[in-house]
Each structure stands twice: as structure tokens, then as C-alpha cells.
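Quick notes on the structure that follows.
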Amino acid sequence: MPEAVRTTRTASRVVGWTLSTLMAPFARRFIAGTALPDALDALARLKARGFSTTVDHLGEKVESREETEIATGQYVVMLKALKERALDRNISVKLSQLGLDFDVELCAINLERIVKAAEDVGGFVRVDMEGSDLTGRTIEMVLRMKRTRLTPIGVALQAMLIRTPEDALSLIGREIPIRLCKGAYREPARVALQRMEDVQRAFISIAKRLLTTGLRHGIATHDPWLIEEIKKFAAAQGIAKDRFEFQMLYGIRRRLAQSLVAEGYRVRIYVPFGRSWVPYTWRRIRERKENLMFIVKHFFVR
Ligand code: FDA
């Protein structure tokens, strides 16, 4: 191997190692551990505090058939373990972990297996939404899986995307439960709103539409302003507190989540675990200035 290539590889390994060391404290806060038993314990603790849960075995953008099959098998095992431990049989999965990026048919076979396993244990599969290059294919895949009203599948939509109001309407038409979030991926102005106020406005308008459909949708945000607006809207419309749910991420705004439970709202916590924690943790770090500053400060101080 040429000297220059070796040096570049070593340098990128050192930077990679340093970054993951700096991210580790955040990973401990945002991730429920690296193995299934860690996640099951975290889910049991949340259940005892009155929360519903959904669990994500971290992984995305995998590149081989074998990796997709391993991930699928892990989800099937996980659904059985959730049933055995009498925990919420609700899972969250990214389709790029099942091969959507490189083989749509393979992804369909894998997802079908997971949906069937969820059906067998009375569970539910929530498909996470990834970058806008995958939005169309993700929605098509969910629609393809939805055989009857009772097929246990739903999908996340991102309020920041310009296409989302239309996607929401077509999914509502097929009675597919939606998790509405702001969107965690950097997207260009051609496809996504760029200002936070515009994203909030879009979020509230789509959320109001969801709340009046009769299906139980998820309002996934830690934004206190949005949460108050939703509460006021639901109360004004006479929508019962158990007809929708708030959803939050593990390790974020714990007190706010607990106070919503105390007020009688349903709150579902999204619990990620696994060894592939870097991309997820990086998204959490990047979406908050204070987290990013911590990394930048410590990177240069080392
Ligand atoms: P906002 O970012 O304004 O945060 C509101 C407050 O929450 C902050 O002031 C802070 O107190 C706290 N907070 C938020 N993020 C924090 C962080 N990283 N660290 C520390 N504090 C933080 N996205 C996506 O693209 N696809 C998906 O499938 C999902 N799925 C999903 C599920 C669930 C249950 C949730 C709650 C979120 C997602 N997301 C997602 C992520 C979502 O798109 C968004 O990036 C984050 O929720 C942050 O946006 P908020 O609406 O919480 O508001």
C-alpha cells in the first residue's frame, strides 16, 4: 500500500476514534446500551413509570444482503423477547437497515418477515423516516406492506419536508398511523423548509389534521410550544387524551415527558440500543448547539 494512502487511513482512524470517544458521554445518555438485555431493562423501567415505548435496534445504510438478514433476524428475536417480558411490542426500524438503498425487493422480503413476526405477537412496526433520497421509496414500501386496516405498520413523516402534507393525506386515506416529527436530516431548500418557525407552523398544521382523523397518531417532539398548542387544540376539539400520543426520545426532556404522563396523556419513549450508535448519536449532538459546542471545545482542548 502506498505511503500516502496508509497515512490518510491512519489519520482518519485517529480522527474517528477521537470523535467516538468524545461522543461516548452523549451515547450513554441517548442510547439504552449495546445489547438487547440492556434495552429490555430500560423498557421495563419506563413501563414502571407509566410510559409506552418503541425500541430501535440501531443500524442504517447497511451495504450487504447478509447484514440486512442479520438485522431482520434480530428484530424477530426482539419481538419475541418483548412478548416474553410483557413489554410493549412496538419496534422502530429504518428501511436502509433492511436493504432499501440497494435492493428494494430484498427490503420488502425483510420487512414482510418483521411485520409477520409483529402480527404473531400482537405487536406494531413503526418505520422511521430517513433522508429525503429515501422518502418516496419508504412510503411506497409501507403502502405495499399494508394489506388490511389491521396490518400492524405505521411510518414517520417529517414536517420540514415540503411534500409531507400531501404524503400525510395519502397515508391517512389508507388508515396508516403516522408519527409526525420535525425531521433530523440536513435537507436542501428545494425539498425542505429551512427556518424553524416555518417547520413549527407546518408541524402544527399537519398535527391538527392528524388529530381529527380518528386514528391514533404520534406527535413526536420535545418542543414545549408545539406540545402546548397540541394540548390546547385537542381540548378545544374534545379529542380525548388517549386518542393520540406524544412521543419523545430516550434521554431527552425526561421531566416534561413525566409531567405529561401525570396529566393523563399517553407518552411513548423511543428507545435505541445497539453497537451502531454513532450516526444516531451524531444526529442528537448536531441538533442542539450546546451538544455541538461540547464536542468542539473538547476536541481542541485534548
Ligand atoms: P427542538 O429541536 O426544538 O427541541 C425542543 C427541546 O427539546 C430543546 O429545547 C431541548 O430542550 C430538547 N432537545 C431536543 N433535541 C435535543 C438533543 N438532541 N439534545 C438535548 N436536548 C434536546 N427524525 C427523523 O428524521 N426521522 C424519524 O423517524 C424520527 N423519529 C423520531 C421519533 C421520536 C419519538 C422523536 C421524539 C423524534 C424523532 N425524530 C425523527 C427526530 C426529530 O425529527 C427531531 O430531530 C428531534 O425530535 C428534535 O426536534 P424537536 O421537535 O424535539 O424540537
Where a residue in segment 227-247 is in contact (Cβ under 8 Å) with a residue 40 or more places away in the chain and its partner, wherever it lies, is of a type in the set (Phe, Trp, Tyr), with Cβ under 8 Å and at least six apart
GLU245/TYR265; GLN247/TYR270
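Can you confirm whether segment 73-91 contains a residue that is closer than 30 Å to ARG190 by Cβ, touching a residue at least 12 places away in the same chain (Cβ under 8 Å), surrounded by fewer than 24 Cβ atoms within 10 Å (Cβ to Cβ) and away from the ligand (no atom under 14 Å from the Cβ)? Steps first, please.
Of segment 73-91, the ones closer than 30 Å to ARG190 by Cβ are none.
No; the residues of segment 73-91 include none that is closer than 30 Å to ARG190 by Cβ, touching a residue at least 12 places away in the same chain (Cβ under 8 Å), surrounded by fewer than 24 Cβ atoms within 10 Å (Cβ to Cβ) and away from the ligand (no atom under 14 Å from the Cβ).
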Among the residues of segment 92-105 satisfying the criterion of being farther than 20 Å from LEU36 by Cα and out of contact with any helix residue (DSSP H, G or I) (no Cβ under 6 Å at 6 or more places or on another chain), which is surrounded by the fewest Cβ atoms within 10 Å (Cβ to Cβ)?
GLU105
So in segment 129-149, with the set limited to residues that are outside any helix (DSSP H, G or I) and surrounded by fewer than 22 Cβ atoms within 10 Å (Cβ to Cβ), which one is modelled with the lowest pLDDT?
ARG149
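Identify the residue in segment 29-44 that is assigned to a helix (DSSP H, G or I) and farther than 15 Å from LEU249 by Cα and, among all such residues, is farthest from the ligand (Cβ to nearest atom).
Restricting attention to segment 29-44, the residues satisfying the condition of being assigned to a helix (DSSP H, G or I) are 29-30, 36-44.
From the residues that got through so far, the ones that are farther than 15 Å from LEU249 by Cα too are 36-38, 40-41, 44.
Numbers: LEU36: 20, PRO37: 22, ASP38: 19, LEU40: 19, ASP41: 20, ALA44: 19 Å.
Applying the filter and picking the extreme gives PRO37.
From the residues in segment 263-293 that are of a type in the set (A, V, I, L, M, F, W, C) and free of Cβ contacts under 8 Å to residues at least 40 places away in the same chain, which one is surrounded by the most Cβ atoms within 10 Å (Cβ to Cβ)?
Taking segment 263-293 and keeping what is of a type in the set (A, V, I, L, M, F, W, C), we get 267, 269, 271, 273, 277-278, 282, 285, 292-293.
Imposing the further condition that a residue be free of Cβ contacts under 8 Å to residues at least 40 places away in the same chain reduces the set to 292-293.
Numbers: LEU292: 13, MET293: 11.
It comes out as LEU292.
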Is segment 150-158 home to any residue that is surrounded by 14 or more Cβ atoms within 10 Å (Cβ to Cβ), at pLDDT below 95 and outside any strand (DSSP E or B)?
yes
Just one listed residue, out of ARG149, ARG174, ARG126, is closer than 22 Å to TYR265 by Cα and of a type outside the set (A, V, I, L, M, F, W, C), and it is ARG126
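The values are calculated or read from the model by the stated rules, or taken from the named source; none is laboratory data. As the structure is a prediction and not an experimental result, all values here were calculated from the model. Virtual Cβ from ideal backbone geometry, glycine too; neighbours counted across all protein chains shown.
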